[in-house]
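Structure first, commentary second.
Please treat every number below as a calculation from the coordinates, not as lab data. Note that the structure is a prediction, hence the values are computed from the model and not measured. Please note: Cβ atoms are built from the backbone with ideal geometry, for glycine as well, and neighbour counts cover all protein chains shown.
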Amino acid sequence: MRIRDTEGIEDRGDGSNPWRPVDLLVAALAVRFTDGYVASAKLVKDELRASRDEAGAGGQDVRWPGFARRLAFDMFDMEALRVLIGRSVEFAHERGALGVLPKALDFMALLRTFEGDLDAAEALLQEEEAIAGATRTDPVGAARLTLAGFRGIIPCGITDAGVTTVSEVVSRDIGPADILDSIVSAFQAEYAGVLA
């Protein structure tokens, strides 16, 4: 069976040994990197469903959720993001896992930013940065840049006068809804058939 043949993917042949979420993750990533986004879409959806179900049941494997979260962002699967990220933050808090908690908080801040809850995103980033300061590590940073963009601090060029923002170029305020609408519209136009 070729990896991209998704028929029977949930059954290894005898019906008694379903693929673990990590098996689906590896298969989905293999197809994504070899055959592209569209070819991997069904496997990615299957993987996200399996990861979401595993995390929702409280049995998340701590080694792989970062990859699944990235795939959920790629597929705009907000339900999977909420479950996977929420469980990662909860799991890291429960165990006092300061090595992984900042990454989980950064992902949660990204999610809150895309949901439009910029104050909640800021609070999560402050917690992430406090942990980074206490452990003498660098904060993750991805969500901080995204949050700045959603607050209208969107660099689009550098001139002698300094950083030029998108809001300055278009002579109007750009808000989170404007940015997200354009991203989602472009994505849906390109991949309408895959997302159905």
*First measure r as the distance between the Cβ atoms of TYR191 and GLN126, then evaluate 1/(1 + (r/R0)^6) with R0 = 41 Å and state the FRET efficiency to the nearest 0.05.*
0.70
*Return the distance in nm (one decimal) between the two label points of a simple spin-label model at GLU115 and LEU145, each offset 7 Å from Cα along Cα→Cβ.*
2.4
*Could you put ILE85, ILE131 in order, starting from the residue whose Cβ has the fewest other Cβ atoms within 10 Å?*
ILE131, ILE85
